[in-house]
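Working notes, structure below.
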Amino acid sequence: MALVLLDTNVLLRLSDGASPDQPVATQAISQLRLRGDRSCITAQNIIEFWAVATRPLDVNGLGWTTQRTADEIEQLLNRFQLLKDSPDILPHWLTLVKAGDIKGKKTHDARLVATMQAHGVTHLLTFNTDDFKSYPNITLLHPNDVA
C-alpha cells in the first residue's frame, strides 16, 4: 500500500469533463484505490490548479470562473488527503534545485518532489513522467499504465 501524490495535470484532467484524458485519469485513480493505495494532493497542486483553471482558453487555460474553480477545488479537498505545507519542505527543495541546477518553471516540479520527500511519499501519478525522471527514489506512474 503506497501513498501516491497526484500531479496537477491529473487533477485538471480529472475535473475537466471536456478533456479526452478524463476517463483515464478517473480510471487510474480508481485502480490505485482498488489496489489499496491512497491518493494525496498538496497546497501547491491547488494553487497550480487555480492558475490553469481560471486562465483563458487562448493561453492554454480552461477559462473557468472563479466560482466553478473554487467548487472543483472543494471537491478535490474532500476527496483526497492534503499533505500539509511544513518548514521541512524548503531544505529539500533547496537541495534539489541546487543539485539539479534547476531553473524556471521546473522549480515547481522540484517543490512537489520536495513535498513528497518531506512526507515520505515515493509514488507520483502524472501525465508528464519525463518532467520527473531526473529525481531519484520516485516511482513514476503514468495514468495510462495504471488504468
Considering region 100-147, residues that are over 18 Å from residue 29 (Cβ atoms) and hydroxyl-bearing (Ser, Thr, Tyr), and then whichever is nearest to the chain's Cα centre (by Cα), we arrive at 115
The residue that is surrounded by the fewest Cβ atoms within 10 Å (Cβ to Cβ), considering only those in region 127-147 that are of a type in the set (S, T, N, Q), touching a residue at least 60 places away in the same chain (Cβ under 8 Å) and out of contact with any strand residue (DSSP E or B) (no Cβ under 6 Å at 6 or more places or on another chain), is 144
Of those in region 74-126 that are touching a residue at least 40 places away in the same chain (Cβ under 8 Å) and over 19 Å from residue 3 (Cβ atoms), the residue surrounded by the most Cβ atoms within 10 Å (Cβ to Cβ) is 108
Scanning region 13-46 residue by residue, those among the aliphatic types (A, V, I, L, M) and closer than 16 Å to residue 82 by Cα turn out to be 29, 41, 43, 46
For region 58-73 the number of residues that are modelled with pLDDT of 95 or more, surrounded by fewer than 14 Cβ atoms within 10 Å (Cβ to Cβ) and polar (S, T, N, Q) is 3
Checking 69, 65, 95 in turn, the sole residue that is among the β-branched types (Val, Ile, Thr) and within 24 Å of residue 28 (Cα to Cα) turns out to be 69
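The values are calculated or read from the model by the stated rules, or taken from the named source; none is laboratory data. These numbers come from a predicted model, not from an experiment. Methodologically, a virtual Cβ is constructed for each residue, glycine included, from the backbone with ideal geometry; neighbour enumeration extends over all protein chains shown.
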